[in-house]
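The values are calculated or read from the model by the stated rules, or taken from the named source; none is laboratory data. The structure presented is a predicted model; accordingly, all values stated were derived computationally and were not measured. Cβ sites come from the backbone with ideal geometry, for glycine too, and all protein chains shown count toward neighbours.
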Amino acid sequence: MKNLLPAKTAGTVCRPCENEDLLMAICNSDFVVRGSIESVSHDEVSRMSRVDIKARKVYRQRNSIFQLDDSTGDWAGPIRTLLQCRVKKGEGEFLFTGSEHFGDAWLGCAPRLRDFHHIYQEAKELRTNPCEFQAD
């Protein structure tokens, strides 16, 4: 199973995350957030895209990029990615992972939540998970 949103790799080339990439991202990312895409905007000048996330759960974040909205109980925050990755708004819930640089969140792997559960459970059964992750 491939992740449906592109990943920014060390070589700045966008590609889907492999299952092993996803499992490592859950362990090592600066942020791990469960949520949906509210909007995506593209800036041709900076060659960047901004993905606005409405998060149901923040499992981990290094800084306070994702903020809790007391009125709704939801978390929200922006994630950046390269314009060339051509991120589009997708329906449903995702598990967003990535790194933080200079106060910005950068997209790593972002599988649909149901796909993540399948990948994680399979790795757990095979005892190949690099770490434990408690998703609800």
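What is the residue count in region 8-42 for residues that are assigned to a strand (DSSP E or B), over 12 Å from the mean Cα position of the chain (by Cα) and modelled with pLDDT under 90?
Number satisfying all stated conditions: 2.
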Problem set entry | Of all residues in region 32-50 being under 16 Å from Asp74 (Cα atoms) and of a type outside the set (Asp, Glu), the one that is surrounded by the most Cβ atoms within 10 Å (Cβ to Cβ) | Val33
For this session: Determine whether region 75-89 contains at least one residue that is under 22 Å from Gln134 (Cα atoms) and charged (D, E, K, R).
Result: no
Problem set entry | Qualifying residues in region 75-103 (those that are charged (D, E, K, R) and either part of a loop (DSSP other than H, G, I, E, B) or loosely packed, with under 12 Cβ neighbours inside 10 Å (or both)) - the one nearest to the chain's Cα centre (by Cα) | Glu93
